[in-house]
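The values are calculated or read from the model by the stated rules, or taken from the named source; none is laboratory data. Nothing here was measured: the structure is a model prediction, and the numbers come from that model. Every residue, glycine as well, gets a Cβ built from its backbone with ideal geometry; the counts of neighbours run over all protein chains shown. For the accessible areas, the whole protein counts, side chains as well, though only heavy atoms, and no ligand, DNA or RNA atoms are used. Shrake-Rupley method; radii C 1.70, N 1.55, O 1.52, S 1.80 Å.
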Amino acid sequence: MTPADLLSTPLQFVKGVGPRRAADLERVGLRTVEDYLLRFPLRYEDRARLVPIGSLRPGQTVTVAGAVLSSGVRPTRRPGFRLFEVLVRDQSGTIRAVFPNQAFLRDVFHTGDQVVLYGAVEYRGGLQIGNPEYEIIRAESDDEDGTVHTARIVPVYEKVGTLTPRLQRTLMHRLVQGLPEDLPDPLPPPVGEATGCRSRRDAIVATHFPPAGADVSVLNAFRTPAQRRLIFEEFFLFQAGLVLRKRRGVEQKARPVEVDDRIRDSARRVLPFRLTDSQKTALREIVADMQRAQPMNRLLQGDVGAGKTIVALLAALVAMENGFQVAFMAPTEILADQHYLTIRRLLDASRFRIASLTGSVPARRRREVVAELASGAVHLVVGTHALAESAVTFADLGLVIIDEQHRFGVLQRATLRAKGQSPDVLVMTATPIPRTLALTTYGDLDVSVIRGLPPGRQPIRTVARPESRRDDVHQMARRELEAGRQVYVIYPLVDDSEKVDLRAATAMRDHLQAEVFPEYTVGLLHGRLRADEKDRVMAGFARGDIHVLVSTTVVEVGVDVPNATMMIVEHAERFGLSQSHQLRGRVGRGDHPSSCVLLYQAPLSDAARERLHALEETTDGFLIAERDLALRGPGDFFGTRQSGLPTLRVGDLLRDHDLMEEARRAAVAWLDDPAASAALVDYLSANWAQRFGLVGVG
Ligand code: ADP
Ligand code: MG
C-alpha cells in the first residue's frame, strides 16, 4: 500500500475498528485514516511521573508501577455487583486497585505481571486506587515503544459512541506506529519548512504521543510546534482555497465607472455634512474598486451610527452618474423605508429617480416600479428581499448595496448580483466582525472600516438595574421627556409564543400610557403590525408626536431618530451582547447626551451578568464583538448556519487566530507563483469544498 492509499483507507478496514465502530466514527466526521490522525486529543494527562506506592495519600491522582501480587473477583453486598481487585507492590509498599464489574480482567492481570496504574487514590478502609487506567508491561516484549496508556504523557480523546478514550488511544498508537516517513503532505515543502516542523509524520506522532519531557501545559494549550504545524496546515489549505475561489470569481465588468469633476460636484451638492476622515477613506476605497475592470466585492464595516449610509449613497451617486442603476437592499421594511426617505430627501434636487420596493408596496405600484426598473426609468431602488424576486429585472444594474449583510443568506446576495452584468457589490454591516472571522467568512471580500463616530456624538451612558428599581428609571425617563427628548422602551421576545409576547408588550404600553406618562403619547411598534401601521408609528416617533415608543426588537437595526436620548431595555438579561449593542445604538445619535438602562430580572446567570457588565463598561462595538465571540463561540456569533464558517478539524478560530493570519499571508504568497503552486491547486480543487464543508473553489 502506498502512503497515500494508507491515508485514504476507510477506518472500517483498520485493525480493531470494523463496521460498527466505523459507523460511530463516521457520525463525528471521521471516515479515513487521515481523518483519524488529524483529530486532536481533547486534552493530555501527565502520567509520566511514577510515585512510590509507600508515599500515596488519599486525593492524589497518580501513576504507580509495580508487580501484581494477587488478583481476583470479590462479590459485594449489592446483588450482581462484583469488584475485581489487584494487589500491586513496588519497593516502597503495596496498594489495592479496584475495578467495578470488570470480571474479564481476570484474563488480563496475572500474578507477577509488571503493571502501571493511573488513577485517584482513595481511602476505603485502607488506601486503594479506584477504577484506574492500567497497562500490563509484558515480560516477553522488549517494549521499544514504551507504554501507551500510562507512565507517559497520554492523549485523552473524546468518547465516540462505543469507542472509549482508551480504545481510541490504542487504535491511534497502532496507526502512528505504522506511519511511513514519506507521508504525503499537502503543504508545499518550502511552506512546511517554514513552519519549523518539516515532517508531517513527526508532527502527527508528537501530537498524539508527545515525547518524554514535553510540557503538558503547552500541550493542553495546543501550542507545541507539532500541534501548531498541523493547525497551520489546516489554515493554510483553507486560506489557499479562499484565495483561489476569489481569483476564479474574477470576471470583467462591462464598463468600469469614471469619476470627473462633474461627478465630484454632484456628490458635494448632495452631502449634508463633512465626511469624517474615516468615511473619506472608505469612500475612496470603494470608488477605486468601482473604477477597476473587475467587479467590486467589498464589505463596509462600521459600528452602529458610524455613518455608513451616506458613504453608500455617494457610491450610488457615482454609479448613477455613470449611467448605471443601483439596488439597495435592507433586511427589514422599517429600515428599507428609512433608507428610502433619507435617500429621497438627499437626492431630491438631483435628476435621478428613486423608488421603493418592499412586500407592502401595493400590487399596482409594484408593477409600475418593476416596469420602470426594467426600462431604466428608475435609477435607484431601495427595498427588502423583495428585490431578489425573479420578477425584478434591471435595464443596467451596476451597483448592489446590501445593508446589514449578516441578515441575508449568501444566496440572496448572489441572486441580486445576478440581475446585473457583474455589478459592483458593497455589503455593509454594523456587526463588527472580529478579524479572525473576517478572514474566514469574508475571506473573499475586501474590507473597509469606518472607525469612530461622526463628530459631536455624546457617549451613551449605560447602566444595569434590577426591575425593582423601575420607578427610579421611569423618573429618569420623565426628566428626558420634560427636556423635550424621546424615549424607547424595548421589549424582548420573552415567550416562545409571539402572541403572548405581543400581549406583554401591549400591556406595557397601556400601563405606561395610563399610569406612568399620562400626559405624553406612548406608541407601540412590533413586527406583526401592518406595514402602513408601522410606517405611521415610526413617522410619528420621528416627528416627535410619539414621545415614548414601546417596541420589540424591530428597531434593532438602523433606525435613526436623533431626538431619542434614552432607551430602557426590559428583560435585558435575555438579549445577546451584540444585539443589545445594536439596540443601544438607536440612542446617542444627536447632540444630546444619551443613556441606556438595562432592566434585568434577578437572579442573573453568570453569562448574563458578564454581558450586562460588558455593556456597562464599553460602547466600543469592536470590543463588544470580541467579547461576544469569546462568550458564544464562532458558530453562534452570526446566529446562522449559513454564515460560511468552515468546518475545522484541528484549528480553533479564537485560540489560533495568529496562525490564521500567518496562513493567509503564506497562501497568498505561494499562490502568486503559478508554476510552483500547480500541485496545491489540484489538491484544493479536489478536496477543499468537502473538507471545509463549504462551497467549492471550482
Ligand atoms: P450606520 O452606520 O449605523 O448605518 P447611519 O448611516 O445611519 O449610521 O448614520 C448615523 C447618523 O449619523 C445619521 O443621522 C447620519 O446622517 C449621521 N452622520 C453620518 N455621517 C456624518 C458626518 N460625517 N457628520 C455628521 N453626521 C453624520
Ligand atoms: Mg445603517
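The table below gives the values:
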{"quantity": "Filter result (of a type in the set (A, V, I, L, M, F, W, C), within 16 Å of ligand 1 (Cβ to nearest atom) and out of contact with any helix residue (DSSP H, G or I) (no Cβ under 7 Å at 6 or more places or on another chain)) within region 250-270", "calculated": "none"}
{"quantity": "Residue that is nearest to residue 264 (Cα to Cα), among those in region 303-324 that are open to solvent by 10 Å² or more (accessible area, probe 1.4 Å) and more than 15 Å from ligand 1 (Cβ to nearest atom)", "calculated": "318"}
{"quantity": "Complete set of residues in region 368-406 that are more than 23 Å from residue 309 (Cα to Cα), in a loop (DSSP other than H, G, I, E, B) and open to solvent by 20 Å² or more (accessible area, probe 1.4 Å)", "calculated": "376, 377, 389, 390, 391, 393, 395"}
{"quantity": "Residue in region 603-617 that is most open to solvent (accessible area, probe 1.4 Å), counting only those that are of a type outside the set (Asp, Glu) and farther than 21 Å from residue 468 by Cβ", "calculated": "607"}
{"quantity": "Pairs where the first residue, in region 352-374, is closer than 23 Å to residue 533 by Cα and the second is charged (D, E, K, R) and part of a loop (DSSP other than H, G, I, E, B), C-beta under 8 Å, 6+ apart", "calculated": "360/530"}
{"quantity": "Where residue 215 falls short, out of the listed (1) over 24 Å from residue 183 (Cα atoms); (2) exposed (fewer than 15 other Cβ atoms within 10 Å of the Cβ); (3) touching a residue at least 12 places away in the same chain (Cβ under 8 Å)", "calculated": "(3)"}
{"quantity": "Residue check, residue 595 open to solvent by less than 10 Å² (accessible area, probe 1.4 Å) and over 25 Å from the mean Cα position of the chain (by Cα)", "calculated": "no"}
{"quantity": "Residue identified as assigned to a helix (DSSP H, G or I), within 16 Å of ligand 1 (Cβ to nearest atom) and either under 33 Å from the mean Cα position of the chain (by Cα) or of a type outside the set (Lys, Arg) (or both) among 300, 283, 275", "calculated": "283"}
{"quantity": "Residue ID - nearest to ligand 2 (Cβ to nearest atom), chosen from residues in region 445-476 that are closer than 21 Å to residue 574 by Cβ and in a helix (DSSP H, G or I)", "calculated": "473"}
{"quantity": "Number of the exception - residue 339 against (1) in contact with a Phe, Trp or Tyr (Cβ under 7 Å, 6 or more places away or on another chain); (2) farther than 28 Å from residue 587 by Cβ", "calculated": "(2)"}
{"quantity": "Flag if residue 54 is more than 38 Å from the chain's Cα centre (by Cα), surrounded by fewer than 18 Cβ atoms within 10 Å (Cβ to Cβ) and part of a helix (DSSP H, G or I)", "calculated": "yes"}
{"quantity": "Among residues of region 304-330, those that are under 24 Å from the mean Cα position of the chain (by Cα) and either part of a helix (DSSP H, G or I) or within 10 Å of ligand 2 (Cβ to nearest atom) (or both), counted", "calculated": "5"}
